[in-house]
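What follows is a single structure, written as structure tokens, with notes after it.
Laboratory data are not the source of any read-out in this text; all were calculated from the coordinates shown. Values in this document were obtained by computation on a predicted structure and should not be read as measured data. Methodologically, a virtual Cβ is constructed for each residue, glycine included, from the backbone with ideal geometry; neighbour enumeration extends over all protein chains shown.
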Ligand code: ADE
């Protein structure tokens, strides 16, 4: 292993960076997105033009940031990374945009949290490569137009529905939805991660981690590291049995659900007696943030078919009842 990679293993942040693929060939899954991006980038290169702006959306941990890094590498420039909530004033965005070097990629994570006044500065920057700055106030105020270096905006969000229509329509390079990974794809990701981390894990233990990974690479890598720690401390070899023990200690069940996921199902069934419940009521009952319930927990519960969002509120499905130990769905009389 090169020295740079070895030293990367010392800190947690760099550990995650070491697992992040830096080559397209190492990026597993999302085949349609990879192919579309490959064509977008190759065509722009052929025309010697800056690739158009791209919007990536989907649940957390599926690799939106990783794709932004890969796109930047393909263009051969630098990535400037920020996030919606970090850009508090128009001046913050103006500073970022005017400091870009020609060809750079600007990555804005959590773009749905960008405030509307700032969005409006972004429109002409995306469309015409210019920045309109208002100088002064009142009758003497005037607008100065600055020309920006060519750049590609890559925006990422877990909440596409919260983006305004004018912003959404400006991603002329495309809008791509990242989907959950198949178990086999997660197995391939974990096999690669084990090699990088120097973990000797047999196929069965890797499969066991994959099965409980919520179909999400970030979670899979996290569980692999926790299982490795458990094996190291208990002195056990990495086996499927060790993995099961390590994950049981983390309260992760055989479907990959954690305690909060199960609390959501149990609250809906017991506390709210199986009736439809609104997001705010449900989150308050669990002392969780609305956004965490909606963006982190519910998507995977719905993916597994344990929960459904109905027009009247959240409800547990028959399969959900079975998972938390009820024989079948309770009758909800009068509904
Ligand atoms: N690590 C995180 N996401 C990945 C992916 N899609 N392929 C390979 N390794 C990953």
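Tabulated results
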| quantity | calculated |
| --- | --- |
| Calculated FRET value between residue 310 and residue 250, using beta carbons and R₀ = 35 Å, to 0.05 | 0.65 |
| Inter-label distance for residue 239 and residue 259, nm, one decimal - labels placed 7 Å from Cα along Cα-to-Cβ | 2.9 nm |
| Over the chain, volume per residue of the alpha carbon convex hull, in Å³ | 173 Å³ |
| Modelled label reach - residue 147, point 7 Å along Cα→Cβ, segment 46-73 residues with backbone N closer than 20 Å | 48-52 |
| Solvent-free Debye scattering, log10 I(q)/I(0), computed from the Cα coordinates of segment 97-179 at q = 0.16, 0.23, 0.24 Å⁻¹ | -0.68, -1.20, -1.27 |
| The chain: calculated mean residue ellipticity at 222 nm from DSSP helix runs of at least 4, using -39500 (n - 2.57) | -13000 deg cm²/dmol |
| Taking all pairs of distinct alpha-carbon atoms in segment 212-335, Kirkwood radius in angstrom | 15.6 Å |
| Gain upon complete extension [residue 319, residue 23; 0.36 nm per residue less C-alpha separation] | 102.6 nm |
| Segment 277-331 - convex hull of alpha carbons, volume per residue in Å³ | 86 Å³ |
| Overall form of segment 252-299 per C-alpha gyration tensor (a/c, 1.5; a/b vs b/c) | oblate |
| Enclosed volume per residue, in Å³, of the convex hull spanned by Cα atoms of segment 106-252 | 175 Å³ |
| Distance (nanometres) between label positions extended 7 Å along Cα→Cβ at residue 38 and residue 327 | 5.4 nm |
| Directionally averaged projected area (convex hull, Cα atoms, segment 9-177), nm² | 10.8 nm² |
| Residue order, fewest to most beta carbons within 10 Å, for 101, 83 | 101, 83 |
| Surface/4 estimate of mean projected area, convex hull on alpha-carbon atoms of segment 183-249, nm² | 3.7 nm² |
| Residue 101/residue 161 FRET efficiency (R0 35 Å; Cβ-Cβ; nearest 0.05) | 0.55 |
| Cα centroid separation - segment 50-110 against segment 212-264, whole Å | 32 Å |
| In nm, spacing of pseudo-spin labels at residue 86 and residue 197 (7 Å Cα→C-beta vector) | 2.6 nm |
| Bridge type composition, the chain - antiparallel percent by DSSP, nearest 5 | 40 percent |
| Paramagnetic reach from residue 15 in segment 199-233 [backbone N under 11 Å; point 7 Å along Cα→Cβ] | 222-230 |
